[in-house]
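Asker: After the structure tokens below, expect a handful of questions from me.
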Amino acid sequence: MPSAPMVIFRKELKDALRSRLFLFLVGGLCAIAVLSLVVASAAFRAKVVDYQSYVQELKQAGIAAVPPPQFFPLQMLRATIEYLEIVGAIVAIVIGYGLAAKEKNRGTLRLIYSRPISGSAVVRGKLLALAVIWVAVIAVLGVVLVASIRIVGGTGLTSLELTKLVITLALSWVYLFIWSALSFGLASRTKQLSTALIAGLVLWLGFVLIIPQIGDTMDPDNHVPGGLFKSFQITSKAEEVAIMGHFSGFETARNLIEETSISKQFERPSFAYLGAKDKYNQKSLGYIWHDMWPKIRWLLLGAGLATALALAQTRKRILGRGLA
């Protein structure tokens, strides 16, 4: 006979597959990811056309042609990560909220608690369901992305690129689970469900939009096309370090602001593995891991804290708040 958490787990999986809202949200997330890939591919093709036109002009002028733009398929996924970071977090909040809200709205907690089952078993079963649901969603998204790169980008992925994509998808799973577990914990704790949803959206607004925007605004490189140092024709890394040494206090403050955003802890290692920045493009897994481990560690800590918040709501009195 299955244990109480497994009974709740199976029930949640069946509910998710039957929920039109859940399927719509997941389908929309995959559609946005594919659309971003199509746009990125079209932008690269436009760059190639411009390059070919430029080469023809150079030939007519008797000037040697410059190297063609290089195509790195994983770089096309940069916008996909940004959509997961922003839109995916909202979807995760709604799914986590719904996991607690549906029981309170339907009054089914009374029926569940009429059986010999503990509040802890309910929470553990629901969290396990959340984890498996997001594994399934990320797996589907991964298959869709690989197929889209083949169809839209016209190329496949090497074994190293595929490994980097899998790691990026794993980071995406952690990030989305954080928001779902946090939302579930809030909805379980509060008496008014609307309060939990508003609290989740306020946290999303602060940590996904406002704090990262403050950090980006404080970065002078984001206000100069091509970067601040390139605009002054400074190409030496030693010169850059020497100049930034005079602004160490400002740079430390900016980094501290960005470090408080869980979305930045997800975005930076994801961009590194996708090679979105030249510093990490075509680099080994060990090199990227060594550089990005502090970010990944904070992301994992966030997952632990969100899970702890949800697991703390194990008393029937708390879980039953707001029942009609």
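The values are calculated or read from the model by the stated rules, or taken from the named source; none is laboratory data. Note that the coordinates shown come from a computational prediction; the quantities given were computed from them, not determined experimentally. Glycine also receives a Cβ, built like all others from the backbone with ideal geometry; neighbour counts cover every protein chain displayed.
Asker: Based on what the data block shows, is ILE149 buried (at least 18 other Cβ atoms within 10 Å of the Cβ), more than 15 Å from the chain's Cα centre (by Cα) and farther than 24 Å from ILE138 by Cα?
Answerer: no
Yes or no, residue by residue, for (1) modelled with pLDDT under 80; (2) assigned to a loop (DSSP other than H, G, I, E, B); (3) more than 25 Å from LEU193 (Cα to Cα):
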{"position": "SER53", "(1), (2), (3)": "yes, no, yes"}
{"position": "GLN56", "(1), (2), (3)": "yes, no, yes"}
{"position": "ILE63", "(1), (2), (3)": "yes, yes, yes"}
{"position": "PRO67", "(1), (2), (3)": "yes, yes, yes"}
{"position": "MET76", "(1), (2), (3)": "no, no, yes"}
{"position": "GLU85", "(1), (2), (3)": "no, no, no"}
{"position": "VAL94", "(1), (2), (3)": "no, no, no"}
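Yes or no, residue by residue, for (1) part of a helix (DSSP H, G or I); (2) more than 14 Å from the chain's Cα centre (by Cα); (3) under 18 Å from GLY88 (Cβ atoms); (4) not β-branched (Val, Ile, Thr):
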{"position": "LYS164", "(1), (2), (3), (4)": "yes, yes, no, yes"}
{"position": "LEU171", "(1), (2), (3), (4)": "yes, no, yes, yes"}
{"position": "SER188", "(1), (2), (3), (4)": "yes, yes, no, yes"}
{"position": "LEU197", "(1), (2), (3), (4)": "yes, yes, yes, yes"}
{"position": "GLY200", "(1), (2), (3), (4)": "yes, yes, yes, yes"}
{"position": "LEU205", "(1), (2), (3), (4)": "yes, yes, yes, yes"}
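Asker: Look at the range 75-87 and say how many of its residues are over 12 Å from the mean Cα position of the chain (by Cα) and surrounded by fewer than 22 Cβ atoms within 10 Å (Cβ to Cβ).
Answerer: Counting residues in the range 75-87 that are over 12 Å from the mean Cα position of the chain (by Cα) and surrounded by fewer than 22 Cβ atoms within 10 Å (Cβ to Cβ) gives 1.
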